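The values are calculated or read from the model by the stated rules, or taken from the named source; none is laboratory data. Not measured: the values here are computed from a predicted model. All Cβ positions, even for glycine, are placed from backbone atoms using ideal geometry, and neighbour counts span all protein chains on display. Each accessible area value is taken on the protein alone, full model and side chains, heavy atoms only, with ligands, DNA and RNA left out. Shrake-Rupley method; radii C 1.70, N 1.55, O 1.52, S 1.80 Å.
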Amino acid sequence: MTAMKDRSVFPDPVYKETVLRPLFDGAKNHHADGFRAIDRAHLVMLAETGILTPEQAAGIAGALIAIDEEIDLDGLIYTGEVEDFFFLIEQHLKAKLGPDLAGRLHTSRSRNDIDHTLFKLGLKPRTEILLEKMRALLGAVLATAEREAETLIVAYTHGQPAQPTTFGHYLGAMAEVLIRDIERIEAALEVIDLSPMGAAAITTSGFPIDRERVAELLGFARPLENSYGCIASVDYITGIYGAMALSFLHLGRPVQDFQVWSSFEVGQLYVPNGLVQISSIMPQKRNPVPIEHLRHLCSQTYGRAKAMLDVMHNTPFTDMNDSEGESQAMGYQAFDAAYRVLDLFTALIAQVSINPERVEINIKRSCITITELADSLVRLENLSFRQAHEVSAAVARAVVAADGSLADDGYGPFASAFRDATGRVSSLSQEQFAELVSARHFVSVRDRLGGPAPAALAASLGRYREKLETFSAAAARRAERQEKAHGELNDKFNALLGAA
């Protein structure tokens, strides 16, 4: 099927190919269902408010159903004979009903409020899918954190071994950021979930329209109040893409860690064979390339989302094409990349594990428990922290120089450094010293809020679980509202057919 004849003069052929065709195809591919819903909801409202008679509404409803059956979207080719998808539907209505009755459907609305409602209808399900996948990732992170709550790892700062902690503690930090990112996405969704319909061109209408009713039938939480803002404010676009950009910037950071941790030299993260590729020439290689794909897909998502902010930059506070069809289609690519990241990361995080032998070797070589020796000297030997720090630093230097182990080779240097600094002999035995500098002891005494000790970490993970449950419950309520609106719109629209 081709678009129907609308005017005697074709548009300029270059304008047609560079602007009108892409816009038409974008509307056809992304927003046909939205157009259908808006037409039906607006028609129900016009009938319920008495702006249209039952006979008029029934005639338009029947024509809309016939048009849906006639138009083959897959075979629809843009010819330039109508300006856009909206006028295609209107011209079909005119052919079936005549210009007078067909034109009454457009009472009290404009392409302006239709367009922004379409874009929000396009963003709402995509954002819900995004949140669903983010919740799945959060669930996988928490499950792995609970499983690995006491699994020791080396924590790094500035790219160097810093202190021991647990994989569960690390993943708890990741979960906290993910929770905040979900909250930012949900806040953006609250703005998307406000209906622009009824704003018309920019100032609403003199007809007694019911904006709340249209919002309800379309599944929105409520109307966006200021009609100028319905058309001019694009913070529903900047809000969602800004939140997306931050989310995938944040996800890229643990990806970077995983790349380092899975390297041969560090080797504390094990990636199972199902997520490893081999070299075509070097038989010894195990390449955990999904981590690389996560890194570049996070960057692609971030870049595509940020591009939407760049498009909105320095645009006027009014109706303008910058925020409309082609920009929306470009933004949808960010969602496509985001879904791939979240699915892959969820699969990866559920399957990776820690190599305890490599962790133990790296802990011994790096003296990363030395901080607890300094703290223990303050508590047990009544030294100032600065003095305890100097004693501990001397011990670490001696052990590293000897390429030794702090627990096995540190007591002699400690006894000497302590005596030199204090003029007395330490009360610590060699067995006590070895316990104080063990990684397990280091973690177990850090039982403060947010720490890695088992009780503290379990409490934190429990709170994160509660947040996940809250997110899931809110999503279920939104889905229930959307399903109810869809059913009511169908019922009310179908009822119009018999109203005559």
Q) Could you give the distance between the Cα centres of segment 67-91 and segment 163-238, to the whole Å? A) 31 Å
Q. Given the convex hull over the Cα atoms of segment 1-109, what projected area results after averaging over all orientations, in nm²?
A. 6.8 nm²
Q) For segment 5-157, what is the accessible area per residue in Å², given a 1.4 Å probe and the full set of protein chains? A) 39 Å²
Q) Tell me, in nm to one decimal, what length is gained between Leu73 and Ala201 on full extension, where the rule is 0.36 nm per residue of separation less the Cα-Cα distance? A) 43.3 nm
Q.
List the residues, sorted by chain then number, that are 5 or more residues from Gln277 or on another chain and whose placed amide H is less than 5 Å from its amide H.
A. Asn287, Val289
(Q) Suppose each label sits 7 Å from its Cα in the direction of the beta carbon; what would the Gln277-Asp343 distance come out to in nanometres? (A) 1.8 nm
(Q) In whole percent, and with a 1.4 Å probe on the protein chains, what portion of the accessible area of the chain is carbon and sulfur? (A) 53 percent
**Q.** Entry for Cα extents along the principal axes in Å (calculated from the structure that is shown) out of (i) 70, 58, 42; (ii) 80, 57, 45; (iii) 104, 51, 39
**A.** (iii)
Q.
I need to check one value: relative contact order of segment 1-144, counting alpha carbon pairs closer than 8 Å and at least 6 residues apart, in percent.
A. 37 percent
Q.
With just the Cα atoms defining each centre, how far is segment 398-424 from segment 469-500? Give it in Å.
A. 72 Å
Q | Overall Cα dimensions of segment 91-231, principal axis frame, Å, largest first | A | 77, 30, 26
Q: Mind computing the radius of gyration and Dmax over the alpha-carbon atoms of segment 68-170? Å is fine for both.
A: 27.4, 78
Q | Calculated on alpha-carbon atoms, Rg and Dmax of segment 398-500 in Å | A | 31.8, 105
Q | Most to least packed among 298-311, 37-50 [average Cβ atoms within 10 Å] | A | 37-50, 298-311
Q) To the nearest whole percent, what portion of all C-alpha pairs in segment 55-114 is separated by more than 16 angstrom? A) 47 percent
Q | segment 383-440: Cα Rg divided by the 2.2 N^0.38 Å rule of thumb | A | 1.05
Q: Quick one: compute a quarter of the convex hull surface over the Cα atoms of segment 186-299 and quote it in nm².
A: 10.9 nm²
Q. Based on the Kirkwood radius over alpha-carbon pairs, what is the Stokes-Einstein translational diffusion coefficient of segment 9-57 at 20 °C with 1.002 mPa s viscosity, in µm²/s?
A. 163 µm²/s
Q | Evaluated over segment 255-369, the Cα radius of gyration and Dmax, each in Å | A | 20.3, 64
Q. Stretch Ala475-Phe317 to full length: gain in nm at 0.36 nm per residue minus the Cα-Cα span?
A. 53.7 nm
(Q) Which chymotrypsin sites (Phe, Trp or Tyr not before Pro) in segment 42-113 sit in a loop by DSSP (not H, G, I, E or B) and have at most 14 other Cβ atoms within 10 Å of their own Cβ? (A) none
Q: State the extension gain, in nm to one decimal, for the chain segment bounded by Asp403 and Ala415, taking 0.36 nm per residue of separation less the distance between their alpha-carbons.
A: 2.5 nm
